Structure formats: C-alpha cells, structure tokens
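K.L.:
Structure incoming, see below.
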Amino acid sequence: MYNQKRIVITGMGVVTSIGQNVQTFFDNAIKGTVSISDVTAFDVSQMRSCRGGEIHDFDVSEQDVTGRAKQFALAAARECLVGNQALLQHDPFRVGIALGFTLGETTALEGFCDHFKAGEQALAQASFSDYAPKLIAQTVARELSIYGPNYTIGQACSAGNFCTGLALDALCSGEVDAMLVGGTDAFSRYCYAGFSRLGAIAGDTPRPFSAHRQGMVPAEGAGILLVETLASAQRRGATIFAEIVGYGESSDAHHITQPSIDGIEQAMRMALDSAGIEAELIDYISAHGTGTLTSDRAESMVLQRIYPDKIPPLSSVKSMIGHTMGAAASIECVATIQAMQQQIIPPTMSFLEADPECPVDCVPNQARPAEIRYAMKTASAFGGQNSVIIFRQWNHQETAHAV
C-alpha cells in the first residue's frame, strides 16, 4: 500500500497508426479502424508474414531529435504537456520522467551494422551512440527541460505500466510532484524477424480472443501520461482526466515466452487490493489481448479465476493498431481513460467466432456504450513481467482515495 496521497492523470499524448493525437486516435478506435498493412520499411520476403502496424505519415520535421522511437516519444510528450507548462515553469526539478521500451532505437543499431559491413570507414560518428536506450528518456527530458528523476525501463510489452508504478512510488514518497510516464518503440526488422522466427506473427491481421487466431502483428508508436499528485493538480487548476486507485505487478520468471497464469493473477489481485475494491466493481478491462494462442488463453484463464460468475466486458486495442511493444500499455491506458470519459468501450476488431478456451465478452467488431466507473488495464511481457493499473472515473464530488 502507498501512503495517503491521491494520484491523478492530468495529460495524455499518443502517436499511433490510427491517430497521432489523443482525439483522432480514440475517434478511430471507436470506429473500429484497422491500420494493419503490408510492411514497407524493410524486406520481409524471407519471413513468414508481411503484415505490420507501421506509421506511414509521421512528420519527422517537427521533432528536433534523431531516432524514430525518440521522435514518437517527444511528439506524445509535447501533446501531454499542452496546458501543463506551468508545472515546468514552477519547478522543473519536481517533475520526473520514466519511459519504457522493448528494443528502443534498433533501427540505429541496424544502420550501424549495415555500415559496418561496408567497412568501418563508412560508419557515421553518432550511429552507434544513437542506439543507447537510456537516451530515450534523457532526450525527451532535455528537449522539454525536465530536470527531475529520469528513467528508461526495458520492461518490454508491459513497460508503460511499470513506469507508472515507478512514478506512483516517487509521487507518494514526495520525491516529485509529477512525472511523465509511458513507452515508445519504432518498427524494426530485428524485432520483426525475432517474432517471425517464433512463429508468432499473424498472416493477415490480429484477432484477439477469436477462434482460429494466428498471432500478433508488430507495430510502432508512443503513449505518454502525465501522472501527478492531486494536491499539485489542484494548486495549478489542472484538468483532471482520471484517478489511479490501484496498481499491482509481478515478475514471475516462469518462462521467457510462455505466460504464467499465477503471475498474471497475482498482479491483478495486488491491484484490486491496492484499490480497496471488489473485483465486481470493475466495469471494463483493457486487455493485453495480443492475438496469440497462448497469451489470450492465459489471460482468459486468469479472468475466470478472478470472476468465476461473470467477466466484465473487455477489448483489445491491438486488434486495430497491432502490438506497439514498449508503447502498448500506455497507448492502451490512454484508450482506457478515454473510454471512461466518453462512456464507450472500443471494440476488438476482426473477431470471427468465439473460442471455447477464451469465454470472454471482447466487445467484438463494434464499440459499445457502457457505464464505466472503474477500469483495469492489464499488461504482460516476455520473462513474466506483469503489471495492472486500476483507474477510476474522475468526479469532483468524490471523497479522497489513496493509492
């Protein structure tokens, strides 16, 4: 349990293949826009699949940094800080940043290797140093004049949630007043080849929780949240989008690729205990929902343990934009908060038919209006890195709740 402080969300920013700002992204998610297309960034002729979730229209000229993952993160962070510049003007040393990734700037490393094959004299001076993952958060902090604690966390597909958990500790201890948290990853052939070798990439499109699903689809993007103490937000009259009331995590080390039902369950129960609520109060679950056989099955089995009678409706944003790796959890947190604000659940697209091993209501193929007061965001990563956040709809009339 954390000490008695309320923690709220006061900013959001995204870069995705269906929208490069929060409003466009969620509008397209509600419409069920699917952006999966043939890969153009590199040659996939020797791989098992040719499908990906690339961002084709990102304007790099607006970002004064090198490296696609950093550019995505900076764009999302700038959107996140719209209307929140007073935080940095007041005391930039009281604002921190924690950004997660799966592989980071692997395109820089790939470029370095390509140059190396051509002879060391062809190497660009900065080509290898651009790869250093720690530069992701450092670059964003430098560009935005954020001088507080600075972390880059390689927790892969659950990185954004883990960054939020780290921020909760820093906020509740009084180390900072606010933190930018989230994740970013760029499309790369190294990542794509790895998942292809595992046989994990779908031949057409991801179909989370559907029978006959073939796998996930690698993608790219960034998602950033501004997480702040309620006292700080109220002092400066900030717009509050949601409240974080629960958090749980586990590192079960069960298997490098196979999920652990016990590990995921532990993270969910920790989050519910932290929130001090019964599981039945959760109105919507933003699922990890990758579209792979084992991951969707494991998540469904955990939910059957938590909810022996009726599982709340859930959906997977990955069905529309693919798996954005280190950015996935935070992009999906943004979707979750927007769902609470607009009282509508985004759909799980490309669903064909129910899988008996996934007996869940995944809101197939069409958005659904719903009363959402509490929502849960789940995330899991290779190696057993599981994390869960519980959000509560913001209501100025409610009494205080400590995370």
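K.L.:
Taking the convex hull of the alpha carbon atoms in the chain, what volume per residue do you get, in Å³?
P.N.:
Working: hull volume 50.9 nm³, N = 403.
Looking at the chain, the number lands at 126 Å³ per residue.
K.L.:
Averaged over every viewing direction, what's the projected area of the C-alpha convex hull for the range 5-83? Give it in nm², one decimal, please. Don't skip to the end; give the middle numbers.
P.N.:
On the way: hull surface 31.9 nm².
Dividing the Cα hull surface by four gives the mean projection, 8.0 nm².
K.L.:
So for each of 4-14, 25-35, 337-347 I average, over its residues, the number of other beta carbons within 10 Å; can you give me the resulting order with the highest mean first? Don't jump to the answer; show the numbers that get you there.
P.N.:
Values: 4-14: 24.0, 25-35: 20.1, 337-347: 21.7.
My ranking of the peptides, most packed first, is 4-14, 337-347, 25-35.
K.L.:
While we're on this one: Restricting things to alpha carbons, find the Rg to Rh ratio for the range 7-235 using the Kirkwood radius for Rh. Each step should come with its number before you reach the end.
P.N.:
Numbers: Rg = 18.5 Å, Rh = 18.6 Å.
Dividing the radius of gyration by the Kirkwood radius yields 1.00.
K.L.:
While we're looking at this one, here's another question. Tell me the mean residue ellipticity at 222 nm calculated for the chain from its helices only (DSSP H runs of n ≥ 4, each -39500 (n - 2.57), averaged over every residue, nearest 500).
P.N.:
The helix contribution divided over the chain gives -9500 deg cm²/dmol.
K.L.:
Let's see if you can work this out: charge +1 on each Lys and Arg Cβ, -1 on each Asp and Glu Cβ, no other charges. What is the dipole magnitude of the chain about its Cα centre, in debye to the nearest 20? Can you show the working numbers first?
P.N.:
Numbers: 27 positive and 42 negative charges, 34 e Å.
Magnitude of the dipole: close to 160 debye.
K.L.:
Need one number: nm distance between label points at Arg373 and Arg48, each 7 Å from Cα along Cα→Cβ, rounded to one decimal.
P.N.:
With each label point 7 Å from Cα toward Cβ, the separation is 4.6 nm.
K.L.:
Could the peptides 273-286, 39-52, 160-173 be put in order, highest first, of the mean number of other beta-carbon atoms found within 10 Å of their residues?
P.N.:
Details: 273-286: 19.1, 39-52: 15.9, 160-173: 24.4.
Per-residue Cβ counts within 10 Å, averaged per peptide and sorted highest first, yield 160-173, 273-286, 39-52.
K.L.:
Pulled fully out, how much extra length does the chain show between Glu280 and Asp57, if you take 0.36 nm times their separation in residues and subtract their Cα-Cα distance?
P.N.:
Working: separation 223, 0.36 × 223 = 80.28 nm, distance 4.17 nm.
Computed gain between Glu280 and Asp57 is 76.1 nm.
K.L.:
Excluding same-chain residues fewer than 8 positions from Lys377, which lysines have a Cα within less than 28 Å of its Cα?
P.N.:
Output for Lys377: Lys5, Lys31, Lys70, Lys134, Lys310, Lys318.
K.L.:
Lys/Arg Cβ at +1, Asp/Glu Cβ at -1, dipole of the range 7-235 taken about the Cα centre: which of Val82, Met216, Ile7 is farthest positive-ward?
P.N.:
Positive-end residue among those listed: Met216.
Since every read-out is calculated from the coordinates, none of them should be taken as a lab result. Just so you know, these numbers come straight off a predicted model, no measurement behind them. Cβ: placed from backbone, ideal geometry, glycine included. Neighbour counts: every protein chain shown.
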